[in-house]
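Quick notes on the structure that follows.
The values are calculated or read from the model by the stated rules, or taken from the named source; none is laboratory data. Bear in mind that the values here come from a model prediction, so they are computed numbers and not experimental data. Neighbour counts run over all protein chains shown; Cβ positions are idealised from the backbone, glycine included. To get the accessible areas, we keep the full protein, side chains included, count just its heavy atoms, and leave off ligands, DNA and RNA. Shrake-Rupley method; radii C 1.70, N 1.55, O 1.52, S 1.80 Å.
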Amino acid sequence: RVLFRSAQDAIHLAQSNGLGVWAANGYVSLANAELHQENLDKAEDAIHEALQLSSQSQQSRTQAAANFTLASIMEQQDHPDQVFAPAQAALAYYTQNGFFGPAVRATVILSRAEGEKGQYSQALASARASQDLAAKSGNHPLMVLADETAGSIYLRMEQYPNALGQFQKALSESDSTTKPNEEIRCAIALCRLGRYPESDQILQSWPHTP
């Protein structure tokens with residue numbers, strides 16, 4: 001609850017002093033805290049307050065953060081049609097201003113929404129764009145995220161060799177935190193290719209709980 005209290009205190013202090021941009025940032029923080037707790041309706045209410053305030057104060061960076069969070073909320077609510085506009089708005093700001101990390105994440109959300117709509121060529125183009133941005137950032141967790149997104153689109157398209165290649169690339173870039181997830185993805189792709197012994201070998205290498 002600390003995040004909620006901090007965000008609410010920031011909003012109250014900012015509004016008491018007529019500081020709209022600080023209040024907008026507070027609402028973004030509150031929305032993200034609600035999103036983390038899967039309180040999606042409350043998160044959406046908070047982010048609409050953030051968007052209204054950031055628009056009034058003409059704070060483009062705060063608007064971009066609010067749009068990114070709105071896109072995340074729409075994704076969690078299974079509304080892919082409503083992901084596109086806020087994700088594209090956030091992406092435009094982040095790419096124009098060289099914020100590679102948020103740009104990668106916005107492109108990934110966009111790619112997943114396009115995949116959900118069956119727009120596979122667009123989804124793949126977005127995934128490749130996220131890979132390019134991640135490579136420019138030099139950030140390995142972002143590179144893993146971008147590669148697994150591309151792999152997931154190929155998996156949806158039933159292009160299993162390409163999916164495996166992307167998942168193996170993500171695995172090679174992963175650390176101990178993300179490695180188990182990438183191994184599972186590789187095992188799934190190998191299974192779809194009919195390479196069952198290799199898939200089983202990956203799964204059997206996992207430590208077993210007594």
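The value of relative contact order for the stretch 78-210, using C-alpha pairs under 8 Å at least six residues apart, is 16 percent.
Surface calculation, 1.4 Å probe, protein heavy atoms: Y160 sits at approximately 40 Å² accessible. Sparse packing (at most 15 other Cβ atoms within 10 Å of the Cβ) combined with a DSSP loop state is found for the following GluC sites (Glu not before Pro) in the stretch 104-190: E158. Would you list the membrane-span-like helices of the chain, meaning whole DSSP H runs whose alpha-carbon atoms span at least 15 Å along their axis and whose mean Kyte-Doolittle value is at least 0.0? Going by DSSP H runs, the hits are 2-16, 20-36, 84-96, 100-116, 140-156.
Each Lys and Arg contributes +1 and each Asp and Glu -1, all at the Cβ; summed about the Cα centre of the stretch 167-209, the dipole is approximately 160 debye. The label point for R195 and the one for Q82, both projected 7 Å from the Cα toward the Cβ, are 4.1 nm apart.
Straight-line reach from K42: taking Cα to Cα under 29 Å and skipping same-chain neighbours fewer than 8 places apart, the lysines in range are K117. The charge dipole of the stretch 63-210, taken about the Cα centre with unit charges on the Cβ atoms of Lys, Arg (+1) and Asp, Glu (-1), comes to about 200 debye, rounded to the nearest 20.
Consider the candidate values [x] 9, 28, 31, 20, 9, 2, 0; [y] 7, 25, 26, 18, 9, 6, 5, 3, 1, 0; [z] 8, 30, 37, 21, 4, 0; state which one is P(r) over Cα pairs in 10 Å bins from 0, in percent computed from the structure displayed. Derived directly from the coordinates: [x]. The stretch 89-104 and the stretch 169-210 have Cα centres spaced 32 Å apart.
Every helix of 4 or more DSSP H residues in the chain counts as -39500 (n - 2.57), and over all residues that averages to -26500 deg cm²/dmol at 222 nm.
On full extension, the segment bounded by R61 and A135 gains 24.3 nm, given 0.36 nm per residue less the C-alpha separation. Can you give the FRET efficiency to the nearest 0.05 for L40 and N97, using r as the Cβ-Cβ distance and R₀ = 30 Å? E(calc), rounded to 0.05, equals 0.55. Within the straight-line cut-off of under 24 Å between alpha carbons, the lysines reachable from K169 are K136, K179, sequence neighbours fewer than 8 places apart in one chain being disregarded.
In terms of accessible area, using a 1.4 Å probe and ignoring ligands and nucleic acids, R112, R128, R61 rank largest first as R61, R128, R112.
Candidates N162, A134, L110 compared by Cα position along the dipole of the chain: farthest toward the positive end lies A134, with charges placed on Cβ. Solvent-accessible surface of the stretch 42-134, taken per residue with a 1.4 Å probe and all protein chains present: 46 Å².
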